[in-house]
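Engineer: This is the structure I have questions about; it appears just below.
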Amino acid sequence: MGRRFTRWDEPITVEAGGGEAYIYAFGVAVILGYTASPPQEELLEKLRRAAEPPGHAAYVEEYAWDPRPPPPSARGRRVRLPAGTVVVGDDLIRGPLDREARRILALVLAQSAALRRLEAEASSLLDEVEDLLERLAATRIPRATARQSLVRALRARNTLVNDLLILEKPPAAWEDPHYESLLETLRYTFEIEERYTTLSRMLNTALETIEITATLATETRFLILEALIAALIIIDTILALRHP
């Protein structure tokens with residue numbers, strides 16, 4: 001696209017078919033005003049082609065925004081913003097959003113979608129851990145298999161802790177309590193903190209189990225090697241006694 005990330009925590013923003021696209025370095029694109037128009041689909045196709053292999057399975061998350069002022073009967077959590085009051089619901093936000101508010105909405109949507117992908121990765125890793133434990137019981141774990149699982153767990157945890165900026169606030173949220181309130185309300189709606197904590201525990205459990213399994217597998221190989229050496233010494237000794 002001829003664009004580069006000036007900072008990891010700042011998305012690339014482009015106009016796309018009447019909507020705004022926010023492209024994040026951790027692999028998520030958010031389009032506010034998505035209509036499946038040709039320019040938007042062309043943008044998404046460019047991003048798919050640009051993804052580094054091995055690519056992850058696509059995951060789409062949708063959230064509705066109605067820019068009209070919310071009616072008094074609108075259900076949800078009300079947040080006062082410089083542009084007016086908005087009502088944040090589980091699947092819909094009502095009310096006017098200025099530029100900073102749209103950026104906050106895009107960030108939380110991006111984090112939620114990225115967490116969804118990592119949740120699937122963590123579930124897959126736990127299944128892999130169970131397979132490793134079964135193979136350990138049979139003492140037949142290839143070293144490469146354990147190493148590949150360890151790399152997957154480390155990459156997923158690194159993405160979770162460093163890439164998703166879960167614990168960081170956008171500058172607007174630091175400077176204005178209205179935007180901070182919107183950020184916290186959206187994070188509560190998408191259960192960002194709870195999902196982050198649960199996912200972190202899952203990845204740490206998988207990582208610790210894989211490390212222990214790899215260590216036990218290595219020790220098992222050393223024990224087998226020591227037994228073979230001892231057997232060779234015994235055989236050599238017996239042969240020497242039989243043929244002085």
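Engineer: Taking the Cβ of each residue in D127, D176 as the centre, tally the other Cβ atoms inside 10 Å and list the residues starting with the fewest.
Structural biologist: Values: D127 11, D176 14.
Fewest-to-most Cβ neighbours within 10 Å comes out as D127, D176.
Engineer: May I pose another question? If each residue's Cβ is checked for other Cβ atoms within 10 Å, how do T189, T205, T197 rank with the fewest at the top? Intermediate values should be presented prior to the final figure.
Structural biologist: Values: T189 18, T205 15, T197 12.
Final ranking by Cβ density, sparse to dense: T197, T205, T189.
Engineer: So, counting K/R as plus one and D/E as minus one, what does the shell of residues with Cβ under 12 Å around L97 add up to? Mind dumping the intermediate values first?
Structural biologist: Working: positive: R68, R94, R99, R102, R103; negative: E20, D66, D98, E100.
Its environment carries a net charge of +1.
No lab work stands behind these numbers, since they all come straight from the coordinates. Every value quoted in this text rests on a predicted model; they were computed, and no experiment measured them. In this analysis, Cβ positions are derived from the backbone assuming ideal geometry, glycine residues included, and neighbour counts consider all displayed protein chains.
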